[in-house]
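The values are calculated or read from the model by the stated rules, or taken from the named source; none is laboratory data. Computed from a prediction, not measured in an experiment: that's the story for all the values here. Here Cβ is always computed from backbone atoms with ideal geometry, including for glycine, and neighbour counts include all displayed protein chains. In case anyone asks, the SASA skips ligands and DNA or RNA and just uses the protein heavy atoms, side chains included. Shrake-Rupley method; radii C 1.70, N 1.55, O 1.52, S 1.80 Å.
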Amino acid sequence: KNAIKGMAELCKENNIVLLGGETAELPQVYADNMCDLVGCIIGYKDTKFFKNNIKKCDRILAFKSVSPHTNGYSLIRKITNTLDINSIPQPIKDVLLTPHKSYIEEIKYIVDKYGHDSINGMAHITGGGIVENIIRVVPENMDLNIDFKLIQSELPEWCKYLMDNGNIDFEEMTQ
């Protein structure tokens, strides 16, 4: 009941409808008779919104993730399974358990302030990493110029914690 109520509230807040869902049984993650309920936001491309019209000198705008969202949990489990659960700082635990955030308000803000034509393309950064996901929307005849030093300096604490405790270097973390 609480899961359905929570999903209904999120749908109402974001002015979307709940069309269905998916359950997954993950034997190495959940105990017997437990499952995972997964949902995703599916939309359509509204041509008045943006036209994947990426041009030379366009800028990349990134939203800092509030949690790992739907990616990286196999790696996170691999790292945290090697640790004493009590040694993991509570703020890190809280972030790792934070539900996926909808960034629709941030997009609405940009559109309201700068107009539909201010967004020339969008990429959701998934397990493939920053470059692999962004190049999906960039024309083949263009290169990316990403300031990875800036990204590294802005990494959230939970990312640094996973890197330190999983012996993961920055380059691997961005792939």
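Observations on the structure shown:
- For the residue pairs Lys78/Lys149; Lys64/Lys160; Lys101/Lys160; Lys78/Lys160; Lys93/Lys113, the C-alpha atoms sit more than 25 angstrom apart in Lys78/Lys149; Lys93/Lys113.
- Sorted largest first by accessible area at a 1.4 angstrom probe radius, with every protein chain in place, the residues Arg136, Arg59, Arg77 fall in the order Arg59, Arg136, Arg77.
- Per residue, in Å², the accessible surface of the stretch 119-175 once ligands and nucleic acids are set aside, probe 1.4 Å: 67 Å²
- Zone residues, the stretch 158-175, relative to Lys64, backbone N less than 13 Å from point 7 Å out along Cα-to-Cβ: 158-160
- Part-to-part distance (alpha-carbon centres) for the stretch 78-98 and the stretch 148-169, which is given in Å: 15 Å
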